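The values are calculated or read from the model by the stated rules, or taken from the named source; none is laboratory data. Computed from a predicted structure; not experimentally measured. Here the Cβ positions follow ideal geometry from the backbone for every residue, glycine too, while neighbour counts run over all protein chains shown. Ligands, DNA and RNA are stripped out before the accessible areas are found, and what is left, the full protein with its side chains, is counted by its heavy atoms. Shrake-Rupley method; radii C 1.70, N 1.55, O 1.52, S 1.80 Å.
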Amino acid sequence: MSKAIIVVSSLLYLLLLFCIAYYAEYKQKQGKSIINNAYVYALSLGVFCTAWTYYGSVGRATTNGIGFLAIYIGPTIMASLFFPVLRKIIRITKAQRINSIADFISTRYGKNATVASVVSIFCVIGVLPYIALQLKAITISFDILTNNMATSHNLLSDTTLYFTIFLAIFIIIFGTRSVDATEKHEGLVAAVAFESIIKLIAFLVAGVFVTCGIFNGFNDIFFKASHIDEFTKLFTMEGENANAGWFASILLSMVAVMFLPRQFQVGVIENVKEEHLKKAVWLFPLYLFVINIFVIPIAFGGKIIFQNMSVDADTYVLALPLHFNKPLLSMMVFIGGFSAATSMIIVETIALSTMVSNNLVMPIIFSQNKFKNTIDKSIQDTILYIRRFSILFILILAYIYDQFVAHYFSLVSIGLISFTGVAQFAPAIIGGIYWKGATQKGALASIIVGFAIWFYTLIIPSIAHAHIISDSILNNGPFEIFWLKPQALFGLEGFDSITHALFWSMFFNLSAYILFSIYSKPNPQEVYQAEVFVDIDIYQNPEKSNIWRGTAYMPDLYSLLENFLGKERSKNLIQNYAHRHKISIDMHAKADPRIVSFSEKILAGVIGSSSARIMVSSVTKEEELSLNEVFKILHESQQMIELNKELRKKSIELTKATDLLKEANLQLTTMDELKDEFLYTVTHEIRTPLTSIRSLAEIVHENPNLEEAERNKFLGAVVKESERLSHLITKVLNLEKYESGKQKLNLTSFNFIELVNDLYSSYELIAKDKKIKLSLQKPNSMLLLHADKDLLQQVLVNLLSNAIKFTPEDKTIQIVVSDMQTEIQVSIIDAGKGIALELHELIFDKFFQAKNQTIKKPEGTGLGLAICKRIVEMHNGKIWVESEVEKGARFTFTIPNFEA
Amino acid sequence: MNQAYKILVVDDDPFILMSLEFLMRKNGFDVMIARNGTETLELLDQNSPDVVLLDIMMPDVDGYAICKHIKSTEKHKLCKVVFISAKSKEIDIQKGYNLGAELYITKPFSNKDLVNKITALLD
């Protein structure tokens, strides 16, 4: 086929991608986002199917049979876990404005720049060959189509170079529209989704052609294939270590479908709504299923057709239509493969360039002092240029790798080698979102150790195979140390290289992760991030996820943001946020902590979280102490029990303690007030007798010629009032004694009936004077009581005096003593005016009179009842009154009988 | 004194009432006594005293209410009100003056002092 036609077709296809990307961005500006769609999201996940799978699946199927399915079964299993795992990752990413997988890991482990750069470097190392593989696929398919089997090494005549340049331009145009890397790449994602459709259709058409055009359906192919000996074993899962290899592939692809930089990019960063996952959960596996339907028929068909020819099985998809001279179909298949390759290159490059620029280049630039405080309008441009440069850099590296390095290596398993590399992030990520105890050191150790083993067990053998280094290391181990053989580490033999590498890398990776996490102490930022990541559902609300204690002035913050986002945009973002959270912005005052926190997150989207931290801290004054104090509590509790529980418990306890304190404080204040009131009442009570004593004494003193009778009357009153005064004072002192607990009960055993009898006989006389009858109702037997006899007598005296005071002439006062087995009950029933219901409790209150009332309470209900109540309560008894107005009152108290 | 001033003494404590009655009579006042709010209001209805010595805390109607009544009754517009109360808080005293009382004396009081103040008030 003419080279020109293919080149023109390819360029036309790329132009079509331009148009689609442009259209998507045009629609987005109109507010009709194309990628805000579950189907587009699921299709964009199809970037998982690269040229490696487009061509390579058939190749693997010819040697491994259904073994090729493993890397699709993995993602299918993983899709069922999208909800718990991927959704959580998406939530965290959105809440924290994360822009790459390196950013994700570093943000989790304390926004640490080292973590970010390590992950970024490993991503580039692990994935770059994979990009190169795509370029290789384009070159090979191009050569097959043009029948140009001799690989040209003339740089200028190499079409792959031009495709690479073209792709670079495309990615730069649509990939660096905004400095904010968390902003969706509408155009790119739309183009990638479109490419997923193209490669699917192309592969299906090829499959239908092979199955129905060349052969007569599936049965025909399988029937013919069954005659070829080597095929029978392909239908089964037999073969050396098939199970282990199968298992490793499934495991790797499970991890890869989420954590390959490109998968993380489309699945997490570019995700518009987490609801899209609902459809992706079944659409994505369906896509994988459909694109694989014809793999076996094409593989077997190719094997049958090219039985005696030396045709690479990896190229069957393209070779078959060519062989049967179908140029249009061949062209279509080529474009399908081209789309598989380009979509992968586009997304992977965007993802890697974000990491390289944000985590490797920018931290170096922004840690230089001159950038910290300058108001440089060109920072935005600088960032964009760094991004663009990174894109070019990655593509050039990939191209160089493809052209000058790749042919030394077998490219066959580069996909799985990449998968194994990326799998080293899995513990740090999965652990990071479920295990709060995981620390920065743990994560760093896990990733570094994992990658070291990965490099040693997979890359060293490749280099050795390519004879770049001596392959004696493979056979005898380094320095003749047998058990260090890269492909049989510690004597583990009998597995394929991927399984072997996966086993050892994961073994050391996980061990390092767990051990370092357990034995290292996290810094405050880490503790906090761990909390936020693991409990993202609690902290999704940005207000809750705010721990910033730093202060910054609004103008400083603004100028910082303006440097990166422009005046207009910064203003809009801040004002919207302030409006949403009802924060008022005062340009002359310190910024609300939430605004500071929000600013950091916006910046994180532009320059990565670790750089953002550096920038924001340059304009803020952090109150280190209080922050540390907060985390000290966190930290200490973490060592005892799971941090979160403890934290919550602590805060609940704190709240409780605060409440208690408040209550106590209130009580104290009330007590104070009550004490004042009490004192006031007491002095008030004292003033009255004192007034008459003084006044009458003065009269007697100043009028020596008073008549005898009058004189006696006045002096008698003075004596009476003096008595009243001393009674009052005694009562106050008694009450104080009982209330403060100074009065100890002097417990003796005595016959209560005897006490009542004594009192009855003395009060009978007093009552008789007032023409009141007294009646006593009591059990016949004696009633032994273990109590303070004097105090109980006081209660009875108080109650009886009151009753006599209020009962009018010719009425009866009843005293009822009953034995209730566990307690005795005494009622004193008068025939007075009665007590209104609302006063039933108040009359036992010593402050009864103090509540600013000007109406005088009934006489005699002063401290007496308060004292009674106190004494009864000291005996663990109860006292109460039952009464209705005008119907007398019935005072009852109980005393538990301790001896019963 | 040309004509004896009419004074109404109000207090629910019998001994204080006793001493005040003696004291006022001795100083030439025409004395009426009342032991509670109700009696006071009845006496005020039938008489026009020149001055009322008023206790505040009483079992039925309090002294403030009686003062208010006096100050708002045309017949008693010349009547002076002197509170004699055990309530010694500034807020209570202020309340008394706000209601229009001419004097507020706290218990216990000195007889001489009390008589001097009342005499000064009337002259």
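Test of understanding: among A:K778, A:K789, A:K771, which residue is away from chain B (no Cβ under 14 Å), in contact (Cβ under 8 Å) with a residue 12 or more places away in the chain and on the phi > 0 side of the Ramachandran plot?
Numbers: A:K778 fails: on the phi > 0 side of the Ramachandran plot; A:K789 fails: on the phi > 0 side of the Ramachandran plot.
Result of the check over A:K778, A:K789, A:K771: A:K771.
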| Failed item, numbered, when A:I766 is tested on (1) touching a residue at least 24 places away in the same chain (Cβ under 8 Å); (2) in a helix (DSSP H, G or I); (3) surrounded by 14 or more Cβ atoms within 10 Å (Cβ to Cβ); (4) away from chain B (no Cβ under 11 Å) | (3)
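Quick check on my filter: what residues within segment B:102-123 are among the small types (G, A, S) and open to solvent by 40 Å² or more (accessible area, probe 1.4 Å)? It would help to see each step written out before you state the result.
Of the residues in segment B:102-123, the ones among the small types (G, A, S) are B:110, B:120.
The one that is among the small types (G, A, S) and open to solvent by 40 Å² or more (accessible area, probe 1.4 Å): B:A120.
Is there a residue being small (G, A, S), open to solvent by 10 Å² or more (accessible area, probe 1.4 Å) and in contact (Cβ under 8 Å) with a residue 40 or more places away in the chain anywhere in segment A:27-39? Lay out the reasoning, then the answer.
First, pick out the residues of segment A:27-39 that are small (G, A, S): A:31, A:33, A:38.
Retained after the next criterion (residues that are open to solvent by 10 Å² or more (accessible area, probe 1.4 Å)): A:31, A:33, A:38.
Next, only the ones that are in contact (Cβ under 8 Å) with a residue 40 or more places away in the chain stay: A:33, A:38.
Within segment A:27-39, one or more residues are small (G, A, S), open to solvent by 10 Å² or more (accessible area, probe 1.4 Å) and in contact (Cβ under 8 Å) with a residue 40 or more places away in the chain.
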| task | Give the residues of segment A:502-535 that are of a type in the set (A, V, I, L, M, F, W, C) and under 16 Å from A:I105 (Cβ atoms), sorted by residue number. | result | A:L510, A:A512, A:F516, A:A530, A:V532, A:F533, A:V534
| Taking the stated definitions as given, is A:L328 at pLDDT 85 or above and surrounded by fewer than 22 Cβ atoms within 10 Å (Cβ to Cβ)? | yes
| field | Looking only at segment B:50-62, and only at residues there that are at the interface with another protein chain (Cβ under 7 Å from one of its Cβ atoms) and of a type outside the set (A, V, I, L, M), the one that is nearest to the chain's Cα centre (by Cα) | value | B:D62
| Number of positions in segment B:69-95 that are under 15 Å from the mean Cα position of the chain (by Cα) and within 11 Å of chain A (Cβ to nearest Cβ) | 4
| field | Where A:L14 falls short, out of the listed (1) at pLDDT 85 or above; (2) crowded, with 20+ Cβ neighbours inside 10 Å | value | (2)
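Only residues that are facing another protein chain (nearest Cβ under 10 Å) and touching a helix residue (DSSP H, G or I) at 6+ places or on another chain (Cβ under 7 Å): list them for segment A:701-712, please.
The initial filter retains those residues of segment A:701-712 that are facing another protein chain (nearest Cβ under 10 Å), namely A:701-703, A:706, A:710.
Within segment A:701-712, A:L706 is the sole residue that qualifies.
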| message | Here's a check for you: in segment A:713-739, which residue that is at the interface with chain B (Cβ under 8 Å from one of its Cβ atoms) and open to solvent by less than 80 Å² (accessible area, probe 1.4 Å) is farthest from A:L679 (Cα to Cα)? | response | A:F714
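With within 13 Å of chain A (Cβ to nearest Cβ) and not acidic (D, E) as the only criterion, which of B:N47, B:N36 stands out?
Within the list B:N47, B:N36, the selection yields B:N36.
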| task | Run down A:L725, A:L800, A:L776, A:L735 and say which single residue is farther than 25 Å from A:P896 by Cβ and of a type outside the set (S, T, N, Q). | result | A:L725
| field | Residue list for segment B:1-33, filter: facing another protein chain (nearest Cβ under 8 Å) and crowded, with 17+ Cβ neighbours inside 10 Å | value | B:D12, B:D13, B:F15, B:I16, B:M18, B:S19, B:L20, B:F22, B:L23
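Looking at segment B:109-117, can you tell me whether even one residue there is within 11 Å of another protein chain (Cβ to nearest Cβ), of a type outside the set (A, V, I, L, M), under 12 Å from the mean Cα position of the chain (by Cα) and closer than 20 Å to A:T683 by Cβ?
Looking only at segment B:109-117, we keep the residues that are within 11 Å of another protein chain (Cβ to nearest Cβ), and these are B:109-115.
Filter again for of a type outside the set (A, V, I, L, M), leaving B:109-113.
With the extra rule that they be under 12 Å from the mean Cα position of the chain (by Cα), the set shrinks to none.
The answer is no; no qualifying residue exists.
Which of the residues that make up segment A:836-881 are part of a loop (DSSP other than H, G, I, E, B), modelled with pLDDT of 65 or more, open to solvent by 30 Å² or more (accessible area, probe 1.4 Å) and not acidic (D, E)?
The first filter runs over segment A:836-881 and keeps only residues part of a loop (DSSP other than H, G, I, E, B), leaving A:836, A:840-841, A:845-847, A:851-854, A:856-862, A:875-877.
Right, trim to modelled with pLDDT of 65 or more and you get A:836, A:840-841, A:845-846, A:862, A:875-877.
Of the ones still in play, those that are also open to solvent by 30 Å² or more (accessible area, probe 1.4 Å) are A:841, A:845-846, A:876.
Correct list: A:K846, A:N876.
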| field | Where A:I105 falls short, out of the listed (1) at pLDDT 85 or above; (2) surrounded by fewer than 18 Cβ atoms within 10 Å (Cβ to Cβ) | value | (2)
| On the given criteria, is B:I105 more than 18 Å from A:T691 (Cα to Cα), without any contact (Cβ under 8 Å) to a residue 24 or more places away in the chain, within 11 Å of chain A (Cβ to nearest Cβ) and of a type in the set (A, V, I, L, M, F, W, C)? | no
| message | Suppose we filter segment A:81-98 for residues that are out of contact with any Asp or Glu (no Cβ under 8 Å at 6 or more places or on another chain) and open to solvent by less than 20 Å² (accessible area, probe 1.4 Å); how many remain? | response | 8
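Determine whether B:I93 is open to solvent by 20 Å² or more (accessible area, probe 1.4 Å), on the phi < 0 side of the Ramachandran plot and assigned to a helix (DSSP H, G or I).
Spelling it out, B:I93 is indeed open to solvent by 20 Å² or more (accessible area, probe 1.4 Å), on the phi < 0 side of the Ramachandran plot and assigned to a helix (DSSP H, G or I).
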| Matching residues, segment B:34-49, being assigned to a helix (DSSP H, G or I) and surrounded by fewer than 21 Cβ atoms within 10 Å (Cβ to Cβ) | B:T38, B:E39, B:L41, B:E42, B:L43, B:D45, B:Q46
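Has segment A:437-446 got any residue that is more than 26 Å from the chain's Cα centre (by Cα) and buried (at least 22 other Cβ atoms within 10 Å of the Cβ)? Before the answer, list the steps.
Just the residues of segment A:437-446 that are more than 26 Å from the chain's Cα centre (by Cα), to begin with: none.
Within segment A:437-446 (the criterion being more than 26 Å from the chain's Cα centre (by Cα) and buried (at least 22 other Cβ atoms within 10 Å of the Cβ)), the answer is no, since none of the residues qualifies.
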